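Scroll down for the structure; my scribbles are underneath it.
The values are calculated or read from the model by the stated rules, or taken from the named source; none is laboratory data. The model shown is predicted, which means the values in this text are computed figures rather than measured ones. Neighbour counts are summed over all protein chains in view; Cβ atoms, including those assigned to glycine, are modelled from backbone coordinates with ideal geometry.
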Amino acid sequence: MIAPRLEIDLEKIHFNARTLVKRLAPKGISVTAVMKATLGSPEIANAFLMAGVKTLGDARIENITRMRQGGVTAPMALIRSPMCSQVARVVKYTEFSFNTELDVIRLLSDAAQKAKRVHGIVLMVELGDLREGILPNALNHTVQEILRLPNVAIKGIGTNLACRSGVVPDAANMAALSAVTNSIESTFGFPLDIVSGGNSANLHWALSGADTGRVNNLRLGESILLGCDPLHRKPIAGLHTDAITLVAEVIESKVKPSQPWGTIAQNAFGIPAAPKTVGHIQQAILAIGRQDIDPAGLEAPHDIEILEASSDHLVVKTKRFTQPVGSEIPFQLNYSALLRSMTSPFISKIWKKRATALQPSLPLLKKASPLAQLSGK
């Protein structure tokens, strides 16, 4: 079989999505499935939709275009503020977009007029993580200006935490989002249909038994694809953590000294760490590198140790046996490695089960408290 490759189990992805949709439903929280780590895969999009997801989100209009061209008709949102150069495509291919800049929204209004469509706007508010967002004291002015524009409609409000600075979604900042929602509605006299509380990092808060207030939507990607809690990179109990596996092929296998020799300077990607072992080791090189993956985001089998990576080579130590040339080694991935490997044109994608073979729903696990389901306790 071709290597390197990602082996993608659509049934496990479907199960993870279905499980989280059902766990959040009693809270009145819907799921927007985030597609950016899948390169806009129509196959994965359909697995999400069959699991009960109603809306798909992506940060790249190119991925959304790919899904539309692949026959995906579900509502879609651009979850990164649109580029001025892409507003016509945003209006054409999405129902709404997440925005922070009036200049961009004015361009969306112009593009929507030309397309004879109404484009939805979700305003992102800054609540401490210092990535995108309008400061709360500037929201009223922003809303006033948007209400003057034709062919755009304010559909909701959202925020993002734990991405740039690692700020944890908690009772305080989520209550602040609810308060801002109530304030906009009372000031301007129209309802906000979408209150998007954040991403997979919000799951612990949402399922802890806390009052979720006005939050009625979460944008989930990593938790579905990898079955992990992004705050601490711990598995979410009851979810599959092996839905996607990276497989790479050995192209060299030799016994070599563990220590380099000669004058040492920087390697191709900075100063290399000093090797931890001495003497000779059984070393293997795999045909994959930093151009394709984040080596720090790979989890090797227990008898394999990742030593270093260059642009095209991954160097590993085999602890108990020789890996012959032509053999393959599987790896699990974190979100960083998944993003890079999915977007690499040099890594094939192999579907272990196609979406058409999935059932509309899968049986859920035995009931437990929501927090216990998340924490594993």
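Things worth noting here:
- Residue match in the range 177-184 (condition: in a helix (DSSP H, G or I), within 28 Å of the chain's Cα centre (by Cα) and free of Cβ contacts under 8 Å to residues at least 12 places away in the same chain): yes
- Scanning the range 251-285 for residues that are buried (at least 16 other Cβ atoms within 10 Å of the Cβ) and assigned to a loop (DSSP other than H, G, I, E, B) yields a total of 0.
- Members of the range 232-249 found to be under 16 Å from Gly221 (Cα atoms) and at pLDDT 95 or above, listed by number: Pro235, Ile236, Leu239, His240, Thr241, Asp242, Ala243, Ile244
- Of the numbered criteria (1) assigned by TED's automatic domain parsing to the domain that holds Ala179; (2) surrounded by 15 or more Cβ atoms within 10 Å (Cβ to Cβ), the one Ala248 fails is (1).
- Within the range 244-292, tally of residues that are among the small types (Gly, Ala, Ser) and closer than 30 Å to Asn16 by Cα: 2
- Total residues in the range 185-210, condition out of contact with any Lys or Arg (no Cβ under 9 Å at 6 or more places or on another chain), of a type in the set (A, V, I, L, M) and either at positive phi or not in a loop (DSSP other than H, G, I, E, B) (or both): 1
- Residue within the range 111-127 that is assigned by TED's automatic domain parsing to the domain that holds Tyr93 and touching a His at 6+ places or on another chain (Cβ under 9 Å) present: yes
- For the range 278-297, the tally of residues that are touching a residue at least 24 places away in the same chain (Cβ under 8 Å) and more than 27 Å from the chain's Cα centre (by Cα) stands at 6.
- Tally, over the range 242-275, of residues that are out of contact with any helix residue (DSSP H, G or I) (no Cβ under 6 Å at 6 or more places or on another chain) and more than 29 Å from Thr322 (Cβ to Cβ): 5
- Candidates Arg117, Arg164, Arg148 - the one that is in contact with a Leu (Cβ under 8 Å, 6 or more places away or on another chain), surrounded by fewer than 16 Cβ atoms within 10 Å (Cβ to Cβ) and of a type in the set (Lys, Arg): Arg164
- Residues (within 18 Å of Val195 (Cβ to Cβ), of a type in the set (S, T, N, Q) and touching a Ser or Thr at 6+ places or on another chain (Cβ under 7 Å)) located in the range 132-164: Asn140
- When the residues of the range 310-338 are filtered to those that are more than 25 Å from Pro235 (Cβ to Cβ) and small (Gly, Ala, Ser), the one that is surrounded by the most Cβ atoms within 10 Å (Cβ to Cβ) is Ser310.
- Scanning the range 12-26 for residues that are of a type in the set (Val, Ile, Thr) and more than 12 Å from Leu218 (Cβ to Cβ) returns Ile13, Thr19.
- Among residues of the range 72-88 that are touching a residue at least 12 places away in the same chain (Cβ under 8 Å) and surrounded by fewer than 22 Cβ atoms within 10 Å (Cβ to Cβ), those with a Cβ under 6 angstrom from a residue that is among the polar types (S, T, N, Q) and not in a loop (DSSP other than H, G, I, E, B), sequence gap 6+ or separate chain, pair up as Pro75/Thr55; Ser81/Asn99.
- Unique match (being more than 16 Å from Leu24 (Cα to Cα), surrounded by 15 or more Cβ atoms within 10 Å (Cβ to Cβ) and out of contact with any strand residue (DSSP E or B) (no Cβ under 9 Å at 6 or more places or on another chain)) among Leu231, Leu226: Leu231
- Close Cβ contacts (under 6 Å, 6 or more residues apart or on different chains) running from residues in the range 130-157 that are more than 12 Å from Leu102 (Cα to Cα) and in the same structural domain as Asp110 (by TED's automatic domain parsing) to residues that are among the hydrophobic types (A, V, I, L, M, F, W, C) and part of a loop (DSSP other than H, G, I, E, B) comprise Arg131/Cys163; Asn151/Val118; Ala153/Val118; Gly156/Leu192; Ile157/Leu192.
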